[in-house]
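**Student:** My questions all concern the structure below.
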Amino acid sequence: MRKGVKGAVIGTVFAVMLGGAGYGAYNIVSALDGDGGTGASGETSEKSGPPSGDEVAETTKAFFAAWEQGRGAKAASYTNNAVEAEPVLTSFGGSGHLTDVKITPSPAQGTTVPFSVEATVSYKGRSKPLTYDSELKVVRGITTGRALVDWQPTVVHPELGKGDTLVTEESASPPIEAVGRDGSVLTKEKYPSLGPVLDDLRKRYGKQAGGTRGVELSIRHTASGAADTSLLTLTEGRAGRLPTTISPRAQAAAEKAVTTYKESSVVAVKPSTGEILAVANNRADGWNAALLGELAPGSTMKIISAAMLIDNGLTTADGPAPCPDKAVSDSATFHNLPGLPPNESATLADSFARSCNTAFVKFSDEIQDDSLTKEAQEKFGLGRDDWKAGITTFDGSVPVSEGPDTAAALLGQGKVQMSPLNMASVTATAITGAFRQPVIVPQSLDGRPLARAEGLKSGTVDQLRAMMNRTATSGTAANAMRGVPGSIGAKTGSAEVDDQATSNSWFTGFSDDMAAAAMAQQGGHGSDAAGPIVAQVLRAGG
């Protein structure tokens, strides 16, 4: 789902030499540093089982001492991945300009050791203190038996990711004061999910907003195009004012909604304009999956599939779409969710509201291999990589398919990939008939060209709205949408993922001039996790 491989130059060199990390990496780094490969305790005999309390204490003491002394390679030698640890630990006192380091461990909790870090950031005569908490875990080396720090970038700082380093210098872009549609200031502290959004907006519009640069300690991300994450400001720059389309009321509701479910994301848009009203994520990895996620959307894709069937004259909302117990496409057998009774006389509206898979699969032999791709691209504006939202987005992917892949694509599986932003846009197009490319910064700010698409015929829109309304009032989305005011509609989705026992939960819905879509990884059925998230945002309004 997340693209881009991060790494450091030294990591690349050592990987070529060693074919991977581990004890081999430790040997080379330790030898260069004069450690001789004996580790904290000086023992070379192999041991097994979890590290003892004494080993945990010895290893952390040696690791912390080397870190405090600014000896990055030495500190890395006490980890189980010295190749990746060394550039991060070296950047702490190097490009990060962090000195006077004092690390205070708390009592170990088994093999986990919480600790606090105090340091001073000094750069060109300016200095400021920095304090934060982190933790590490001590593990047994697989091949050596040594007690080693289990390397994670978060050991050095809780906001560091794989391949990231610390840098103190004049900021790459002037700071911004991003404001919502009501004129109030949007901050990471008030709206944590907007952190990566505000970083990206600063990188893109800092100079245009008219600010001046300051000096900051930042996390330098190695992913192509990723904006730095500011941690501490030594010298204040002047912030330029940047208008956004974010609704503080919707954003607050979205932030609260995703806290209920792990690995969840939600986006809300205004269908009449394409303006993005809210973006929220609750993820352990900090990834902005709401805008950049690339996952199979499950049966929420049936909005596009139903539109394609109607536009190609294969059926209508009141036309036939039988729902058998199973359906076969090119020798691949597809089933419905457990407990769904078959209905051979079902209409498309019936099968849509009940989320019958086999009804859609039965049409797979009647459509061209590129029919769904054309519908997605030409009517819904997806999969062309041409959105210019004012921030980096994934624009959806519905590749041309054949055989059983075509049937899977109709169900939002196979090679189809979407983000919550994509599905919120799909709902907006379905209920208005017009594709309006989502934006988070007004086009008037920079005059950038927005993506265009044909949109849908009014007859198709009327049928889609009616089917989505039925789904929200008496179909699979009814429980989640109960109490949502106004003119409503929705579609549920469950996406199966290889090697994952529980499906991903997807849900998209609308209330008057607001559409929202959510995804919760391993959340189960669409109405179980993603549905309540969407409903909470829709109830708040924009």
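**Student:** Would you say residue 329 is modelled with pLDDT under 95, surrounded by 14 or more Cβ atoms within 10 Å (Cβ to Cβ) and out of contact with any Cys (no Cβ under 6 Å at 6 or more places or on another chain)?
**Tutor:** yes
**Student:** Write out, first by first residue and then by second, each pair whose Cβ atoms fall under 6 Å of each other, whose residues are 6+ apart or on separate chains, and whose first residue, in segment 192-207, is surrounded by 20 or more Cβ atoms within 10 Å (Cβ to Cβ) while the second is modelled with pLDDT of 95 or more and assigned to a helix (DSSP H, G or I).
**Tutor:** Filtered contacts from segment 192-207: 193/255.
**Student:** Quick one: which of 188, 207, 203 is charged (D, E, K, R), assigned to a loop (DSSP other than H, G, I, E, B) and under 24 Å from the mean Cα position of the chain (by Cα)?
**Tutor:** 188
**Student:** Please tell me if residue 424 is surrounded by fewer than 22 Cβ atoms within 10 Å (Cβ to Cβ) and among the aliphatic types (A, V, I, L, M). Spell out how you get there, then give the answer.
**Tutor:** Working: surrounded by fewer than 22 Cβ atoms within 10 Å (Cβ to Cβ): no; among the aliphatic types (A, V, I, L, M): yes.
For residue 424, the condition - surrounded by fewer than 22 Cβ atoms within 10 Å (Cβ to Cβ) and among the aliphatic types (A, V, I, L, M) - is not met.
**Student:** Would you point out the residue of segment 90-109, among those that are assigned to a strand (DSSP E or B) and polar (S, T, N, Q), that is surrounded by the most Cβ atoms within 10 Å (Cβ to Cβ)?
**Tutor:** Taking segment 90-109 as the starting set, the residues that turn out to be assigned to a strand (DSSP E or B) are 98-105, 109.
From the residues that got through so far, the ones that are polar (S, T, N, Q) too are 99, 104, 109.
Numbers: 99: 13, 104: 11, 109: 11.
If we take residues in segment 90-109 being assigned to a strand (DSSP E or B) and polar (S, T, N, Q), then 99 is surrounded by the most Cβ atoms within 10 Å (Cβ to Cβ).
**Student:** Of all residues in segment 496-540, how many are of a type in the set (A, V, I, L, M, F, W, C) and out of contact with any helix residue (DSSP H, G or I) (no Cβ under 9 Å at 6 or more places or on another chain)?
**Tutor:** Going through segment 496-540 one residue at a time, the tally reaches 3.
**Student:** Under 6 Å between Cβ atoms, at least 6 apart or on separate chains: pull out the pairs that start in segment 436-448 with a residue that is without any contact (Cβ under 8 Å) to a residue 40 or more places away in the chain and end on any residue that is surrounded by 15 or more Cβ atoms within 10 Å (Cβ to Cβ) and assigned to a strand (DSSP E or B).
**Tutor:** none
**Student:** Quick test for you: out of 396, 383, pick the one residue that is within 30 Å of residue 244 (Cα to Cα) and surrounded by 24 or more Cβ atoms within 10 Å (Cβ to Cβ).
**Tutor:** Unique residue meeting the criteria: 396.
**Student:** Quickly run through segment 92-118 and pick out the residues that are touching a helix residue (DSSP H, G or I) at 6+ places or on another chain (Cβ under 8 Å) and either under 18 Å from residue 230 (Cβ atoms) or aromatic (Phe, Trp, Tyr) (or both).
**Tutor:** Passing the criteria: 92, 98, 115.
**Student:** Hey, among 426, 328, which residue is in the same structural domain as residue 280 (by TED's automatic domain parsing) and in a helix (DSSP H, G or I)?
**Tutor:** It is 426.
**Student:** Which pairs have Cβ atoms under 7 Å, sit 6 or more apart or on different chains, and link a residue in segment 358-386 that is within 14 Å of residue 304 (Cβ to Cβ) to one that is acidic (Asp, Glu) and outside any helix (DSSP H, G or I)?
**Tutor:** Correct list of pairs: 378/454; 379/454; 382/395; 383/395.
**Student:** Specify the residue that is modelled with the lowest pLDDT; the eligible residues are those in segment 156-170 that are of a type in the set (Val, Ile, Thr) and assigned to a strand (DSSP E or B).
**Tutor:** 165
**Student:** Within segment 332-375, take every residue that is part of a strand (DSSP E or B) and among the β-branched types (Val, Ile, Thr) and give me the one that is surrounded by the most Cβ atoms within 10 Å (Cβ to Cβ).
**Tutor:** Restricting to residues being part of a strand (DSSP E or B) and among the β-branched types (Val, Ile, Thr), the top hit is 347.
**Student:** Please verify whether segment 175-187 includes one or more residues that are buried (at least 23 other Cβ atoms within 10 Å of the Cβ) and closer than 16 Å to residue 442 by Cα.
**Tutor:** Among the residues of segment 175-187, at least one is buried (at least 23 other Cβ atoms within 10 Å of the Cβ) and closer than 16 Å to residue 442 by Cα, which makes the answer yes.
**Student:** May I pose another question? Are there strands (runs of 3 or more DSSP E) fully within segment 211-299 with at least 2 residues that are within 15 Å of the chain's Cα centre (by Cα) and under 16 Å from residue 534 (Cβ atoms)? List them.
**Tutor:** Answer list for segment 211-299: 264-270, 275-282.
**Student:** Follow-up. From the list 480, 535, 518, 472, which residue is closer than 23 Å to residue 408 by Cα, assigned by TED's automatic domain parsing to the domain that holds residue 349 and either in contact with a strand residue (DSSP E or B) (Cβ under 8 Å, 6 or more places away or on another chain) or β-branched (Val, Ile, Thr) (or both)?
**Tutor:** Checking each option against the conditions leaves just 518.
The values are calculated or read from the model by the stated rules, or taken from the named source; none is laboratory data. Model, not experiment: these values are computed from the prediction. Here Cβ is always computed from backbone atoms with ideal geometry, including for glycine, and neighbour counts include all displayed protein chains.
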